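Have a look at the structure below before the remarks.
The values are calculated or read from the model by the stated rules, or taken from the named source; none is laboratory data. Nothing here was measured: the structure is a model prediction, and the numbers come from that model. Virtual Cβ from ideal backbone geometry, glycine too; neighbours counted across all protein chains shown.
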Amino acid sequence: MYRCQFCNRVSRPGERATKVVTERRPAEYPSRGKAQKGREASRSKGQEDPGGAGYEIAKERIACSTCAQEHLAKEAAQEAESLGI
Ligand SMILES: [Zn+2]
């Protein structure tokens, strides 16, 4: 059992908890040329990890299924808005 961190409702026994990401932070990953070290040389050729950019989870909350769905819908709406759809 758990308490939903959105509506503060205590779950029913056996009810599934859903983790909801409420905050993300941009992250950059440097290239890792030696990431494949130790592997077979022929296989690792040209497969170096180039790194990149993305998002890391900054904050996570436990939600009941109702709140998780609401949060997802809200997030989708916000994203559509930011894209001008
Ligand atoms: Zn809830």
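For this structure, a couple of remarks:
- Considering residues of the range 30-85 that are of a type in the set (S, T, Y) and at pLDDT below 90 only, the residue nearest to the ligand (Cβ to nearest atom): S31
- Close pairs from the range 1-29: first in contact (Cβ under 8 Å) with a residue 24 or more places away in the chain and within 10 Å of C64 (Cβ to Cβ), partner within 16 Å of the ligand (Cβ to nearest atom) and of a type in the set (F, W, Y), Cβ under 6 Å, at least 6 apart: S11/Y2; A17/Y2
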